Each structure stands twice: as structure tokens, then as C-alpha cells.
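The structure under discussion appears below in the form of C-alpha cells.
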Amino acid sequence: MARLGSAAFADAIVARDAAHAAAADPIGPRVERVRARTVREPPPLLFDLTALQRTANRRFGFSAARTLEIAQALYERHKVITYPRTDSRHLTSDVVHELPGMFAALAGVPDYAAFARELIAHPPRPGRRIVDDAKVHDHHAIIPTGKAVQLAALGRDEHRIFDLIARRFLAAFYPDAEFAVTDAWIRVGAATGAPPDLPPADPAKPAETSDGEVPILDALPPGPDRYLARGRVRVAAGWQAVAGIGAPDAPRRPGSGTGHADTEPAQAQPLPPLAEGQPLDGSFAAIAKQTTPPRRYTEATLLGAMESAGKAIDDETLRLAMKDRGLGTPATRAAIIETLLTRGYVIRERSDLAPTARGVALIDALPVASLASPELTGAWEARLARIARGEDSRAAFMADIARYVADTVDAIRGASPPAAPPDGSPAAPTSWQAQRRWRGRGDARGGGGRGSRGARDGRGTRSPRRARTGTDRSTGASRASSRPVELDHTARHPDLDRTTRRPRPSSPRGRSPVPPAEPSGSPSPALAIHRSSPHGTHPVPPAEPSGSPLPGLAIHRSSPRGTQPVPPAKTGSPPRAPSPRSESPPGIPELACPRCQVGYLITGTRGWGCARWRDGCRFVIWFETAGRRLTATQLRDLVVRGKTRKARFRSERGVELDGRLVLDPAADGGARLEPV
């Protein structure tokens with residue numbers, strides 16, 4: 001098969017074929033050759049952690065961290081699956097004698113009883129696709145343990161993950177699925193010679209040239225024109241009956257992949273019965289389509305790319321061969337993705353992972369491109385694996401690393417400072433370690449250090465003095481915009497019932513315009529925030545670092561009298577008496593929204609939500625989460641560090657347990673409970 005080089009070729013072929021089809025002579029469309037064959041599709045390999053995470057993400061939308069959390073609960077608490085943090089998809093020979101007990105345990109579960117009893121009645125003989133000691137390192141594939149399973153004791157998500165594991169385990173011992181595949185060559189025009197050889201049997205792979213490229217025609221080929229039609233019908237379900245996969249012509253589930261990646265078969269339409277020489281009727285038309293860019297990564301596809309060091313490999317055998325060149329391990333890949341999300345380099349957009357301006361700026365700022373090269377990291381991982389097997393020298397590897405580090409440091413030393421990201425950057429580093437380093441560099445940034453005078457604002461007057469906050473001339477505004485963001489507490493967040501009770505300004509005209517802050521070259525921007533009050537707009541300097549949850553936050557309030565500074569509270573002043581409304585939720589720290597990384601959190605009566613809710617960001621953290629009312633410290637830890645400290649919480653089933661909340665912007669309530 002070949003591709004046409006231009007639309008003119010396509011139009012010429014359509015005109016020629018239409019003319020032949022209209023002519024009442026023997027050169028009309030006919031079936032020139034028919035070939036029928038049987039194709040066998042073996043069952044997919046058993047699950048390792050990465051394959052389980054990919055399948056759960058496609059089927060249920062679970063994040064990699066969520067799948068690992070559920071698998072750990074099935075292993076530690078319920079003890080119904082084997083160790084989940086494995087990179088092997090095979091079993092060892094010493095597990096074979098335990099298989100009958102595992103089949104018997106699953107036979108007691110109605111969902112799997114018929115399939116398990118078939119294996120008990122006809123014991124299988126596992127081949128090397130299932131049992132291979134050479135492909136098991138520390139732990140074998142994830143399978144049921146043989147313990148009696150009570151599905152009623154499992155949560156909804158736990159039931160889903162266990163169902164995947166149990167069905168994959170049973171399906172591995174079932175016979176191949178069989179398909180009847182029919183290829184038909186349709187000739188249009190007079191026959192001038194023998195028909196060409198049929199293309200490869202794999203419908204996903206077109207005929208290729210010797211260099212692997214699909215040929216592109218640069219001239220109209222001579223007649224006759226030949227077209228290939230292929231149909232596929234399942235004749236024996238085999239393992240697909242266990243996996244719950246219907247006939248190949250059944251509608252596909254949204255978001256599912258192809259092949260063994262998630263046990264979905266490739267789709268093909270069945271052909272009607274055809275015979276060689278049979279005349280056909282039809283119309284001819286050229287269909288104009290456009291190419292589409294590659295889709296963004298989902299967690300499933302990103303895990304697959306990390307497993308093969310960035311190479312798009314769909315074949316399971318080839319992917320297994322690349323395991324020594326992967327990024328991270330099955331146990332750490334979920335944490336890597338969560339780190340990218342927590343630090344604001346990536347955000348979730350439905351099921352996709354999208355880079356933020358901060359993430360793009362980070363990559364653009366690297367003077368050595370190989371620092372972000374998955375191939376380089378994969379090659380290092382492969383060398384470490386060879387060293388562990390005694391096939392490489394540790395001294396040679398360390399010498400290469402030292403040489404690479406020296407070259408990289410020289411390149412960084414001679415590189416020019418990176419440009420500020422265009423938009424979307426958080427106001428300050430989101431990890432508490434980075435904030436501590438960032439706060440300590442106030443003087444080095446050229447603004448905000450103790451004793452600095454501040455910069456002139458847009459009206460020629462001097463801005464109020466900022467102490468150790470970096471909100472002076474170097475960090476007076478976010479890199480996303482030179483105009484401070486206005487915090488309007490009178491807005492109504494749809495997911496929060498209502499925001500904190502603050503009076504609305506008497507007149508919009510009484511609010512003075514806020515001058516734009518001077519641009520800066522500071523490595524860390526600040527977020528200028530305004531609050532509404534009946535007296536207008538007042539810039540409020542932030543508190544000292546000891547009491548500020550985030551550095552570099554310039555806070556202002558609205559007033560009809562214009563923008564005026566409100567002095568900070570004096571050190572040592574007596575605490576203000578609690579107001580009658582002191583039972584309301586704790587005061588909110590000025591924190592960037594973890595989901596959009598552009599807005600900030602505002603306080604409602606049921607929870608904290610993003611101020612950009614009108615723009616579509618519906619991020620919410622409820623005051624009452626996992627049976628516990630969150631404190632301001634827990635909120636700050638959750639948003640900045642990505643998790644709270646260990647505390648006592650209540651699970652969905654009402655069980656008291658020790659755990660921590662882990663930030664999950666895609667979850668309901670912005671967090672999920674992680675037992676510890």
C-alpha cells in the first residue's frame with residue numbers, strides 16, 4: 001500500500017474509477033482475490049504494577065497513586081493479592097503448586113466461579129508466557145493469594161482493582177481467542193497483469209519500504225486500481241470470555257486503548273461472503289481529512305512512556321525488553337507523577353496531563369538539553385542494571401558520570417539567565433523546602449531585604465517598605481501579569497455556598513485603580529492581592545516571615561479613598577479579643593490554587609475554593625474532610641507540601657484510623673485519605 005502525494009492524484013483516481021464503474025463492460029469493479037485465514041490472539045501477560053496502573057487509569061480514571069494505594073490496601077489489609085510493587089509479569093516455578101488453591105478460592109466468588117471451576121476440572125499446564133524464573137527478579141506478578149475473598153468487605157474501588165487482577169489471572173490460563181480474518185482485493189479497471197502480493201497480516205502495519213517508511217506516490221499509477229478490504233469475526237472467545245470482552249464489532253468503551261494494553265481487541269468490520277470474480281456495485285469518492293496532533297499524555301500513556309524511556313512501544317514483548325531502560329521503577333513512577341502535579345509543573349485537564357507555564361519555563365531554562373532526556377536516564381538505569389548483574393564496571397560508570405557532571409556545570413556556568421515564564425506561574429515555590437530557600441534569598445534578589453527602600457510605583461510615588469518578603473520592586477507582581485490580582489470576597493463560589501462575610505463596597509466608582517507593579521527579574525514572583533472593604537482599596541503589607549505561610553504576598557484592601565498601605569501589626573502587641581464569630585472556619589492562608597496554579601484560595605462556609613471559579617476552576621477543599629475538621633496548618637501542609645502530617649481520620653466506611661491527607665486536585669474535596 002502507498003500514500004498519494006497530492007489531492008490531484010486522488011481526484012484523478014476517483015474520476016478514472018467512476019468512469020470504469022459507469023461503463024457496462026467486464027472491466028467494472030470485481031473481486032479479484034479472496035483469502036481467508038484464522039488468527040489466534042494469546043491472553044495478555046499478568047499484571048505488574050505499571051500495567052495495573054495503566055489499565056485502571058483507562059478503565060476507571062484512577063491516578064497511578066490511587067491505584068497503588070488501593071493495591072496496597074488489598075495486599076496489607078485484606079491480604080487478597082500478592083505484593084503489588086513488582087516489575088515482573090511472570091510467575092516462578094515454585095508458585096505452580098499453589099495454583100489449585102488460588103483457583104479454589106476464586107471458585108467461591110460468584111463472579112469468577114464458572115471460570116475457576118473450568119480450570120479446576122481441566123488443570124492447565126502453564127507455559128513460559130506465564131512461568132519464567134529468568135524474568136522474575138524480586139517479586140513475581142500480581143495475582144490473587146488464594147485467601148477466601150469476601151467482595152462485600154471490599155470498597156467500591158477496591159472491588160474494581162481486585163476484579164482486574166482476578167480476571168487477568170484466570171484469563172492467563174485460558175486458550176487463545178480465535179478470529180476468522182478475510183482479505184479481499186477489489187479490482188477496478190482492466191486487468192493488465194497478476195495482482196500484487198497481499199500486504200502483511202497485521203492490519204495496523206501498512207506495507208513499508210526497506211527503510212521503514214510508507215511510500216508516497218509522486219505520479220499517478222497505471223490502471224487497474226486495486227483496493228484491499230479486510231474483515232474480522234471472532235469465532236472462539238477463549239480468554240476474552242473471562243476478561244469480559246465482547247465481539248470485535250461491539251462498540252468500544254470510551255478512552256480504551258487497543259490490543260493487550262487494556263485487553264481490548266483491535267476493531268474490524270466483518271465482510272459479507274465474497275467470491276473471486278464476483279461483480280460489485282459501488283460509488284467512488286475522495287474523502288478529505290486532516291491530520292491531528294499527538295494527544296496529550298494521560299497517566300496511562302505517561303506510565304507506558306516512562307516504562308520504555310519515552311519510546312512509544314505498544315508491543316508487550318518489546319516493552320519488556322526495554323524495562324532496563326525505563327524511568328523510575330513501578331514503585332516510584334506514581335510518586336514522580338504526583339511530584340510534578342504538586343510542584344505545579346503539570347496539571348490535570350480531565351483525563352489528560354497538561355504542562356503549565358512553570359513546567360515549560362523549567363525545561364526551556366535548562367542549558368543542557370540532556371538533563372531532561374528520558375533516553376539518557378534510561379541508559380543510566382540500564383548500565384546500573386548491568387553493573388548489578390556483573391556485566392559492567394562501577395568505576396567506568398562513575399568516571400562517565402563525573403565527566404558528564406563537569407561538562408554540565410561548565411555549560412550552566414556560561415549560560416545566560418532564563419527568561420521569566422509568560423503566564424500561569426504560581427506566586428512562589430510550592431514546596432516548603434523551596435519556600436525556605438526562597439525566603440532566605442530576599443537580599444540577593446535585589447528587593448525585599450531588610451532595609452530596602454522599595455521602588456517607585458506607576459504614579460511616581462514610593463511603594464510602602466516591605467520587610468523580608470520579596471514584594472518590593474523585584475517581586476511586586478506575578479510573572480503572569482504586572483497588575484495585582486484582586487481578591488473579591490463578595491463573590492459567590494457555587495461549590496462553597498457563600499464566601500466569608502465581608503461587606504460589598506458602597507460604589508464601584510469609589511475603588512481606586514491599582515497601579516501596575518514594575519517588572520522584575522526576580523527568580524520567584526510575588527502575588528499582589530486586594531481585598532474588598534467598605535472603605536476602599538488599601539495595600540496591606542504581608543506579615544513577617546515567621547507568621548506568613550507563604551513569602552512574597554502583597555495584600556491590599558479596597559477603599560473609596562484610594563490605594564493606601566495598612567501598617568502591619570506591631571511586634572509584642574496584645575492579641576485581639578476573639579469576635580463573636582470566632583467559631584467560623586480558620587483563617588485562610590494566601591495559597592495558590594493547586595489545580596489551575598493561577599488563582600488563589602478563598603474561604604467559604606463549607607470549604608476553601610479557587611477564586612477563579614468563574615473561569616471554570618472548581619477546586620475545593622472541604623473544612624470537614626475524612627471525618628476531621630481541618631486546621632489552617634493542615635490546609636497549608638496539604639496545599640504547599642502535598643500532604644498533611646499523621647493524624648486521626650475516619651474512612652469512608654466510618655472506621656477510625658491513623659493516616660494523612662494527600663493532595664489530589666482531581667478528587668472530590670481536593671484530597672484523599674492515605675492510611676499510615
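Every number in this text was worked out from the coordinates using simple rules, so none of it is lab data. Here the structure is a predicted model, which means the values were calculated and not measured. Ideal geometry is used to build each Cβ from the backbone, glycine not excepted, and the neighbour counts take in all protein chains shown.
The separation of region 118-156 from region 25-71, counted between C-alpha centres, amounts to 21 Å. In sequence order, region 652-666 has phi-based couplings of 5, 8, x, 8, 6, 8, 7, x, 9, 8, 10, 4, 9, x, 7 Hz under the Karplus curve 6.51 cos²θ - 1.76 cosθ + 1.60, θ = phi - 60°, and Gly or Pro positions carry x.
Think of each Lys and Arg Cβ as +1 and each Asp and Glu Cβ as -1; about the Cα centre, that makes the dipole of region 55-151 roughly 280 debye.
Compared with the direct C-alpha span, the chain from residue 281 to residue 147 gains 42.1 nm at full extension, assuming 0.36 nm per residue.
Sort 79, 135, 289 so the one with the fewest other Cβ atoms within 10 Å of its own Cβ comes first.
Values: 79 11, 135 18, 289 5.
Exposure proxy ranking, most exposed first: 289, 79, 135.
When 622, 239 are arranged by Cβ crowding within 10 Å, least crowded first, meaning fewest neighbours, the order is 622, 239. Working ranking of peptides 178-184, 128-134 by packing, defined as the average number of other Cβ atoms within 10 Å per residue, highest first, is 178-184, 128-134. Remark: region 601-675 carries a charge dipole of roughly 180 debye about the Cα centre, counting +1 on each Lys and Arg Cβ and -1 on each Asp and Glu Cβ. For residue 236, nonlocal amide neighbours, meaning residues 5 or more places apart or on other chains whose placed amide H falls under 5 Å from its own, are 178.
Given charges of +1 on the Cβ of Lys and Arg and -1 on the Cβ of Asp and Glu, with all other atoms neutral, how large is the dipole of region 118-178 about its Cα centre, in debye to the nearest 20?
On the way: 9 positive and 9 negative charges, 11 e Å.
Here region 118-178 has a charge dipole of around 60 debye.
Of the listed peptides 662-670, 89-97, 54-62, what is their order by residue-averaged count of other C-beta atoms within 10 Å, with the highest listed first?
On the way: 662-670: 18.2, 89-97: 16.4, 54-62: 21.7.
Output ranking for 662-670, 89-97, 54-62: 54-62, 662-670, 89-97.
Could you give the length gained on full extension between residue 15 and residue 92, defined as 0.36 nm per residue of separation minus the Cα-Cα distance, in nm?
Working: separation 77, 0.36 × 77 = 27.72 nm, distance 6.23 nm.
That works out to 21.5 nm of additional length.
Our compactness index for region 47-94, the C-alpha radius of gyration over the empirical 2.2 N^0.38 Å, is 1.16. P(r) tail for region 299-413: Cα pairs beyond 20 Å make up 53% of the total. Annotation: the residues 398, 306, 102, sorted from fewest to most other C-beta atoms within 10 Å of their own C-beta, follow the order 398, 102, 306.
Expressed as a whole percent, how much of the Cα-Cα distance distribution for region 601-675 exceeds 20 Å? Walk me through the numbers on the way to the answer.
Details: 692 of 2775 pairs.
Of all Cα-Cα pairs in region 601-675, 25 percent lie more than 20 Å apart.
The amide H of residue 327, built 1.01 Å from its N in the peptide plane, has 307, 308, 309 as neighbours under 5 Å, considering only residues 5 or more places off or on other chains. Amide H to amide H, with H built 1.01 Å from N, residue 600 comes under 5 Å of 593, 611, 612, counting only residues 5 or more places away or on other chains. Of the peptides 341-351, 167-177, 640-650, 372-382, the order by per-residue mean of other Cβ atoms within 10 Å, starting with the highest, comes out as 167-177, 341-351, 640-650, 372-382.
Restricting the calculation to Cα atoms, region 49-171 yields a radius of gyration followed by a Dmax of 13.9, 39 Å.
Per-residue extension of 0.36 nm, minus the Cα-Cα distance of residue 160 and residue 676, leaves a gain of 183.5 nm for this segment.
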